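Student: A single structure is presented below for examination.
The values are calculated or read from the model by the stated rules, or taken from the named source; none is laboratory data. Bear in mind that the values here come from a model prediction, so they are computed numbers and not experimental data. Backbone-built Cβ (ideal geometry, glycine too); neighbour counts: all protein chains shown.
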Amino acid sequence: MVLKKREILVGKVQEIPSGRSKKFSFKKEGDTLEAFVIHYKGNFYAYLNRCRHVSLPLDFGDNDFFSSDGKFLSCKNHGALYSPESGECVAGPCYGSFLETVPVEVREGNIYCSIR
Ligand code: FES
């Protein structure tokens, strides 16, 4: 396992089954930011845990990001729905805006996120 510069190990692939997520946090310019990785249709994606409607976490601290049908990421505050694949808000008060993406790379069964 070799970490690249400004990269963190989030976990192992088998820790995040399809339709599930894992939160992580990191420091940036003195602030602690929270983000999450999701496993969706065989791919991994990561976003900052910050809604584009109001700057609040999408979950209620419970690592629950998917809508009940598993097709979208949902903000528990006012119900915005986001595409798991692009982070675009497809319904709700911030329609058309995007979650902030965190680059993800899977190498040798490990999930890494770049935190530039
Ligand atoms: S804070 Fe997310 S929809 Fe309002």
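Student: Just to be sure I understand the filter: pairs with C-beta atoms under 6 Å, separated by 6 or more residues or on different chains, first member in region 7-29 and closer than 19 Å to PRO84 by Cα, second member hydroxyl-bearing (Ser, Thr, Tyr) and modelled with pLDDT of 95 or more. Which pairs pass?
Tutor: none
Student: Being in a loop (DSSP other than H, G, I, E, B) and closer than 20 Å to PHE66 by Cβ is the filter here, so list the residues in region 1-33 that pass it.
Tutor: First, pick out the residues of region 1-33 that are in a loop (DSSP other than H, G, I, E, B): 1-6, 16-20, 29-30.
Residues satisfying the conditions are ILE16, PRO17, SER18, GLY19, ARG20.
Student: List the pairs whose first member sits in region 66-80 and is farther than 13 Å from GLY92 by Cα and in a loop (DSSP other than H, G, I, E, B), whose second member is more than 8 Å from the ligand (Cβ to nearest atom) and of a type outside the set (Ser, Thr, Tyr), and whose Cβ atoms are under 6 Å apart, counting only residues at least 6 apart or on separate chains?
Tutor: Correct list of pairs: GLY70/GLY19.
Student: Could you check region 16-50 and list, in sequence order, the residues that are in contact with a Phe, Trp or Tyr (Cβ under 9 Å, 6 or more places away or on another chain) and basic (Lys, Arg)?
Tutor: Of everything in region 16-50, those that are in contact with a Phe, Trp or Tyr (Cβ under 9 Å, 6 or more places away or on another chain) and basic (Lys, Arg) turn out to be ARG20, LYS22, LYS23.
Student: If you don't mind, there's one more thing I want to ask. Hey, can you tell me all the residues within region 88-102 that are part of a loop (DSSP other than H, G, I, E, B) and among the aliphatic types (A, V, I, L, M)?
Tutor: LEU99, VAL102
Student: What's the number of the only condition in (1) in contact with a strand residue (DSSP E or B) (Cβ under 6 Å, 6 or more places away or on another chain); (2) of a type in the set (Phe, Trp, Tyr); (3) within 13 Å of the ligand (Cβ to nearest atom) that PHE60 fails to meet?
Tutor: Unmet for PHE60, out of (1) in contact with a strand residue (DSSP E or B) (Cβ under 6 Å, 6 or more places away or on another chain); (2) of a type in the set (Phe, Trp, Tyr); (3) within 13 Å of the ligand (Cβ to nearest atom): (1).
Student: Could you tell me whether any residue of region 84-102 is surrounded by fewer than 18 Cβ atoms within 10 Å (Cβ to Cβ), at negative phi and touching a helix residue (DSSP H, G or I) at 6+ places or on another chain (Cβ under 7 Å)?
Tutor: No, because not a single residue in region 84-102 is surrounded by fewer than 18 Cβ atoms within 10 Å (Cβ to Cβ), at negative phi and touching a helix residue (DSSP H, G or I) at 6+ places or on another chain (Cβ under 7 Å).
Student: Taking region 50-84 as the region of interest, how many residues are of a type in the set (Asp, Glu) and farther than 14 Å from SER21 by Cβ?
Tutor: Residues in region 50-84 being of a type in the set (Asp, Glu) and farther than 14 Å from SER21 by Cβ: 1 in total.
Student: Of the residues ASP64, ASP59, which single one is touching a Ser or Thr at 6+ places or on another chain (Cβ under 9 Å) and surrounded by 16 or more Cβ atoms within 10 Å (Cβ to Cβ)?
Tutor: Exactly one of ASP64, ASP59 is touching a Ser or Thr at 6+ places or on another chain (Cβ under 9 Å) and surrounded by 16 or more Cβ atoms within 10 Å (Cβ to Cβ), namely ASP59.
Student: Restricting to region 34-56, count the residues that are part of a loop (DSSP other than H, G, I, E, B), surrounded by fewer than 21 Cβ atoms within 10 Å (Cβ to Cβ) and out of contact with any Asp or Glu (no Cβ under 7 Å at 6 or more places or on another chain).
Tutor: 6
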